[in-house]
Amino acid sequence: MPTANAVERLAARLSELANAPVELERPQDPGHGDYATNVALQSVARHRRPPREFAAELAESAAGLEEVERADVAGPGFVNLWVTTAWLGEALEEIGAGYGGGTAAEKQRIQVELVSANPAGPLTVGSARNGAYGDSVARLLAHAGHDVEREYYFNDSGRQIDLFRESVDARRRGEEPPEGGYQGEYVNDLAKLDGDPVAHMLEEIQREVAAFRIPVDTWRRQAEIEQKVPAVLPRLDTYEADGTLWARTSAYGDDKDRPLVRSSDGSYLYFAADVAYVEDKLERGFDRAIYVLGADHHGYVARLKAAAAMLGYDPERIEALIYQLVHIVEGGRVKKISKRRGDVVFLSELVEKIGIDAARWYLVSRGHDQPIDIDVDLAAERTQKNPVYYVQYAHARIAGILRNAADARVGGAPPPQLEREERDLIKRLTDFAVVAAEAAERRAPHGIPIYAIRVADDFHRFYHGHRVVGSETEAFRLRLCGATQQVIARCLDLVGVEAPERM
């Protein structure tokens, strides 16, 4: 089991007093205490007493704990707690490089398949959201203690790939691409190169993914997976109709059956490779296989789970995360036209305008179930109006403080009385463990940028109100700065953003 931090230990002691599970929350209004619990309201059935009466008894008992300075009752039965300065100092000392990690109750081996765009062109901003979101989920799961692998699946066979090759070949002959073919400057560039354009795009995509700070562990190709289809088909519940072999996925939770093979020529339809790929993933021993899919793939969830069930696996081992569209706003208007293709904005264009840090930040700054509008003008600003710059600046400012402190002593017991800004900052830092655990559990990395901005807010208020180097409590404040820097650095890393030492 993960080691409990100061907040968890305090909650455990209160649970013993209440004879019921206690969850501590931080009130919005500091006048309502440092922490609060509604356990008296939640455990009415167990204790069979008026909640406020039970809350008053619990508050009296809690006030006797060494961690608690005072406690009172509010409303219908909330218990508000004010913690001691010594407890805050103890909580601060726990905040180090690995703080908030290892929270998974059961370690799992998890695969996150991300991006998986067709190798028929450079990565788009839509694929970039897939990658940024999927990679941040992987980082959060790894931070929670899971064994995580990232995989990219190249759809390198089928009609779209054939059409892509035909488009490049047409350009090589000085002709227009076929109807429905691929257009754009990049097609012209590929036509100037010898060899298979798909191979060139595979190399280019691998380079783009690495440059975008997505550490892919394994690469799979549809052409290779399709070789496994003959061995998988006999294991499925199938029937023939209309010149096609069908999988009876509707009997396994899908909304309709799925076609597998054309009887006329034995050619595989797309779902055949999907089934073989499910088997390929789960046979490698992953406890959970996570697919990151665009909104247009929402219907894939049930069919993938059905494939797992037909193959004899627990369908709950399959998890699909669906993300929504990205809109690029420039000059106050949604950008609809790319300089290289009429209906797409490429990742390289976005990075060229705003940089990797801002691109990674903005692509995970909202919940994956919501569309994102990226204001290129704001994202390119190097001012504190830009949230990623604002958070990075807090990290760089702390790095400067620690450099100026040189070899000064760091740490030690807190002073008898902490300033309000110091208390607020310490409590904010202790929130990180819960924020990171919830973000991992809910596959919701957007909680990390939101939290990081609040940490930066609290730090800037502390910094503007109180001197660090040369103050009477220099050693303690240096420790507070160092802990803040470590938490901010971890937040930035979890969303794939660098933590600069200077800005």
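The values are calculated or read from the model by the stated rules, or taken from the named source; none is laboratory data. None of these values were measured; they are calculated from a predicted model. Ideal geometry is used to build each Cβ from the backbone, glycine not excepted, and the neighbour counts take in all protein chains shown. Accessible surface is based on the protein model in full, side chains and every heavy atom, while ligands, DNA and RNA are left aside. Shrake-Rupley method; radii C 1.70, N 1.55, O 1.52, S 1.80 Å.
Points to keep in mind about this one:
- Rounded to 5, percent antiparallel among DSSP beta bridges of the chain: 50 percent
- Taking 0.36 nm per residue of separation and subtracting the current Cα-Cα distance, fully stretching the chain between Ala295 and Glu381 would add 27.9 nm.
- Close amide H pairs (under 5 Å, H built 1.01 Å from N) link Thr238 with Arg248, residues at least 5 positions away or on another chain.
- Accessible heavy-atom area order of Arg221, Arg502, Arg70, highest first, probe of 1.4 Å: Arg502, Arg70, Arg221
- Under the Karplus curve 6.51 cos²θ - 1.76 cosθ + 1.60, θ = phi - 60°, whole-Hz ³J(HN,Hα) for region 245-253, x wherever Gly or Pro sits: 8, 10, 9, 7, 5, 5, 7, 10, x
- Which of Phe286, Thr238, Pro50, positive extreme of dipole for the chain (C-beta unit charges): Pro50
- Accessible area, probe 1.4 Å, largest first, for residues Lys335, Lys256, Lys427: Lys256, Lys335, Lys427
- Phi-derived couplings, Karplus 6.51 cos²θ - 1.76 cosθ + 1.60 at θ = phi - 60°, listed residue by residue for region 25-39: 10, 9, x, 5, 8, x, x, 9, x, 7, 9, 8, 9, 10, 4 Hz, with x used for Gly and Pro.
- Going by accessible surface with a 1.4 Å probe and the largest first, Asp357, Asp217, Asp375 read Asp217, Asp375, Asp357.
- Value of relative contact order over region 190-320, rounded to a whole percent, pairs C-alpha under 8 Å and six or more apart: 20 percent
- Taking label positions 7 Å along the Cα-Cβ direction at both Ala211 and Asp196, the computed distance is 2.4 nm, reported to one decimal.
- For the pair region 141-215 and region 303-320, the centres of their Cα atoms are 29 angstrom apart.
- Val329 long-range amide H proximity, modeled H, under 5 Å: Lys335, Ile374, Asp375, Val376
- Solvent exposure of the chain as accessible area per residue, Å², 1.4 Å probe: 45 Å²
- With R₀ fixed at 41 Å, the C-beta to C-beta distance from Ala231 to Glu166 puts the FRET efficiency at about 0.85.
- Relative to the Cα centre, the charge distribution of region 249-324, modelled as +1 at Lys and Arg Cβ and -1 at Asp and Glu Cβ, gives a dipole magnitude of about 60 debye.
- Hull shadow area, averaged, region 371-448 [alpha-carbon convex hull, nm²]: 8.1 nm²
- About the centre of its Cα atoms, region 139-233 shows a dipole size close to 240 debye [charges on the beta carbon of Lys, Arg (+1) and Asp, Glu (-1) only; nearest 20 debye].
- For Tyr313, no residue whose modelled amide H falls within less than 5 Å of its own remains once neighbours fewer than 5 places apart on the same chain are excluded.
- Label point distance in nm, Arg403-Ser263, each placed 7 Å from Cα along Cα→Cβ: 7.5 nm
- Relative contact order of the chain, defined on C-alpha pairs under 8 angstrom at six or more residues apart (%): 15 percent
- Solvent-accessible surface (1.4 angstrom probe) belonging to Val334, in square angstrom, nearest 10: 80 Å²
- Calculated P(r) of the chain - Cα pairs past 34 Å, %: 49 percent
- Shape category assigned to region 32-144 from the gyration tensor of Cα positions, a/c cut at 1.5: prolate
- Only Lys, Arg, Asp and Glu carry charge here, each on its Cβ (+1 for the first two, -1 for the last two); on that basis region 230-374 has a dipole of about 560 debye about its Cα centre.
- Loop-located chymotrypsin sites (Phe, Trp or Tyr not before Pro) in region 222-303, at most 13 other Cβ atoms within 10 Å (DSSP): none
- Accessible carbon and sulfur surface of the chain relative to its total accessible area, %, 1.4 Å: 47 percent
- Residues of region 437-478 with amide N under 17 Å of the 7 Å Cα→Cβ point at Gln370: 439, 442-454
- Among beta bridges that DSSP assigns inside region 267-406, antiparallel share in %, nearest 5: 15 percent
- Relative compactness, region 275-395, computed as alpha-carbon Rg over 2.2 N^0.38 Å: 1.39
- Region 409-426 - phi-based ³J(HN,Hα) in whole Hz, Karplus 6.51/-1.76/1.60, Gly and Pro as x: 5, 10, x, x, 5, x, x, x, 10, 8, 5, 4, 5, 5, 4, 4, 5, 4
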